[in-house]
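Participant: My questions all concern the structure below.
Laboratory data are not the source of any read-out in this text; all were calculated from the coordinates shown. Predicted model only: the values in this text are computed from it and were never measured. Here the Cβ is made from the backbone with ideal geometry for all residues, glycine too, and neighbour counts use every protein chain on show.
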There are 2 protein chains.
Amino acid sequence: MENLSKYKEKLASAGLRATKQRLMVCKLLFGQKQTFHFNIEDISRLANKSFNKKISLATIYNTVNEFKKKGYLKEISLKGNKTFYDTNTKHHHHFYDEDMSQLMDIEDKNVSINYLPKIPNGKKIRSVEVLVKIEDIK
Amino acid sequence: MENLSKYKEKLASAGLRATKQRLMVCKLLFGQKQTFHFNIEDISRLANKSFNKKISLATIYNTVNEFKKKGYLKEISLKGNKTFYDTNTKHHHHFYDEDMSQLMDIEDKNVSINYLPKIPNGKKIRSVEVLVKIEDIK
DNA sequence: TAATAGATTAGAATAGTTCTAAAGTATTGA
DNA sequence: TCAATACTTTAGAACTATTCTAATCTATTA
Ligand SMILES: [Mn+2]
Ligand SMILES: [Mn+2]
Ligand SMILES: [Zn+2]
Ligand SMILES: [Zn+2]
């Protein structure tokens, strides 16, 4: 696993020691070819499946939260009571198929907004997120 | 309270009997001059404050969920673990001040989207929601 | 190796939501 | 009218997601 040093760097920069469990979490989060959307339970299940190893939920929550603070992960604005995360940290948008509970990325460059209302006084825009809800045709 | 019959109709159309508690919830939700954003706890607190009456959380959850199904309320796609609702059921968008945890409506007509990517096969758009995150200047 | 610092983890605590069964209300039919 | 019965509502219990805590485990240092 030649990405190990990458992960160690990432952990160090988030102020976290590179422990076995955290390196596993890193591999699951950042070792995939594609970015993806997940919740905490997904990572727990993936750890069991991929490494035959149970990582305590506390460790997953802690690690994910620290990575979120650092900007290595983003939380997704979504309905429902479970928190969803995104390993795609580039600014982008989403298709959301509510029936399938399925999220798909839309690249920022594939959306263009003509105009927005004036921003409240003393405030400026941090980001503009578009959520396109889709459903089966008829 | 001359809106009582309005509320009774609303409840009936959602398949709910008009009980004291539900009429209170209706008054809190639909008896305001302006639409607003809320969570379940807000309604519970408002009931205490406005009517000096405790309404069981179950009743509030049930009523709100039925109204949501009926389209009399909308759930808001937002980060965080509390569910937020909107009494504004017209299609619209939001400013969100993350620091203040403050939502503000943007009328649909004040947003214009130039283009979107092609929709996945067999799907069509149900809605397009824009969330503009704002922050203090500087 | 012993002392210390730091990390992990299980389980407790908390918070949000859903479920359930006792209590309440409506309907039926004598 | 008024039991008997069926259906509905509600309070609180149960459950689930998340965070907190403190005991245990591991790594580092000297
Ligand atoms: Mn949410
Ligand atoms: Mn629009
Ligand atoms: Zn995404
Ligand atoms: Zn709104």
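Participant: Determine the shielding of peptide B:131-138 by partner chains: average, over its residues, the number of Cβ atoms on other chains within 10 angstrom of each Cβ. Can you show the working numbers first?
Facilitator: On the way: counts 6, 10, 7, 9, 6, 4, 5, 2.
Mean shielding count: 6.
Participant: Further, regarding this structure: If each residue of separation counts as 0.36 nm, what is the full-extension length gain between B:Ile40 and B:Lys20 once their alpha-carbon separation is subtracted? Please list the in-between numbers first.
Facilitator: Details: separation 20, 0.36 × 20 = 7.20 nm, distance 1.80 nm.
Separation in residues times 0.36 nm, less the Cα-Cα distance, equals 5.4 nm.
Participant: With angles folded into 0 to 90 degrees, how steeply does helix A:57-70 sit against the dominant principal axis of chain A? Use alpha carbons for both and round to 10.
Facilitator: 50
Participant: Ok, one more. Counting other Cβ atoms within 10 Å, which GluC sites (Glu not before Pro) in segment A:54-106 have at most 16 and lie in a DSSP loop? Mind dumping the intermediate values first?
Facilitator: On the way: sites: A:Glu66, A:Glu75, A:Glu98; in loops: A:Glu98.
In loop regions of segment A:54-106 (DSSP not H, G, I, E or B), the sparsely surrounded GluC sites (Glu not before Pro) are A:Glu98.
Participant: Estimate the FRET efficiency between A:Ala58 and B:Lys79 by the formula 1/(1 + (r/R0)^6), using the beta-carbon distance for r and 22 Å for R0, to the nearest 0.05. Intermediate results must be reported in sequence, preceding the final value.
Facilitator: On the way: r = 21 Å, r/R0 = 0.96.
Using R0 = 22 Å, I get an efficiency of 0.55.
Participant: If I model a spin label as a point 7 Å beyond the Cα along the Cα-Cβ vector, how far apart are those points for B:Lys118 and A:Phe51 in nm?
Facilitator: Placing both labels 7 Å along Cα→Cβ, they lie 4.1 nm apart.
Participant: Take the residue pairs A:Lys70/B:Lys118; A:Lys27/A:Lys69; A:Lys82/A:Lys118; A:Lys20/A:Lys74; A:Lys70/B:Lys79; A:Lys49/B:Lys123 and return only those whose Cα atoms are more than 25 Å apart. Can you show the working numbers first?
Facilitator: Details: A:Lys70/B:Lys118 33 Å; A:Lys27/A:Lys69 19 Å; A:Lys82/A:Lys118 33 Å; A:Lys20/A:Lys74 23 Å; A:Lys70/B:Lys79 17 Å; A:Lys49/B:Lys123 33 Å.
Among A:Lys70/B:Lys118; A:Lys27/A:Lys69; A:Lys82/A:Lys118; A:Lys20/A:Lys74; A:Lys70/B:Lys79; A:Lys49/B:Lys123, the Cα-Cα distance tops 25 Å for A:Lys70/B:Lys118; A:Lys82/A:Lys118; A:Lys49/B:Lys123.
Participant: Can you pull out the trypsin sites (Lys or Arg not before Pro) in segment A:1-87 that DSSP calls coil and that have at most 11 other Cβ atoms within 10 Å?
Facilitator: Details: sites: A:Lys6, A:Lys8, A:Lys10, A:Arg17, A:Lys20, A:Arg22, A:Lys27, A:Lys33, A:Arg45, A:Lys49, A:Lys53, A:Lys54, A:Lys68, A:Lys69, A:Lys70, A:Lys74, A:Lys79, A:Lys82; in loops: A:Arg17, A:Lys33, A:Lys53, A:Lys54, A:Lys79, A:Lys82.
For trypsin sites (Lys or Arg not before Pro) across segment A:1-87 that sit outside H, G, I, E and B with at most 11 neighbouring Cβ atoms in 10 Å, the list reads A:Arg17, A:Lys33, A:Lys53, A:Lys54, A:Lys82.
Participant: Further question on the same structure: Specify the angular offset, from 0 to 90 degrees and rounded to the nearest 10, of the alpha carbon long axis of helix A:20-30 from the longest principal axis of the alpha carbons in chain A.
Facilitator: The angle comes out near 30 degrees.
Participant: Report Rg/Rh for chain B, rounded to two decimals, where Rg is the Cα radius of gyration and Rh the Kirkwood radius.
Facilitator: Details: Rg = 17.3 Å, Rh = 16.9 Å.
Answer for chain B: 1.02.
Participant: Let me ask another. Using alpha carbons only, how many degrees (0 to 90, rounded to 10) separate the axis of helix B:4-13 from the longest principal axis of chain B?
Facilitator: 70
Participant: Let me ask something else about it. Over all residues in B:104-116, what is the mean tally of Cβ atoms on other chains that come within 10 Å of each residue's Cβ?
Facilitator: Details: counts 3, 1, 2, 1, 0, 1, 4, 7, 5, 7, 5, 5, 8.
Mean partner shielding for this stretch: 4.
Participant: Please compute the modelled spin-label separation between A:Ser5 and B:Ile137, points set 7 Å along Cα→Cβ, answer in nm with one decimal.
Facilitator: Spacing of the two 7 Å Cα→Cβ label points: 4.7 nm.
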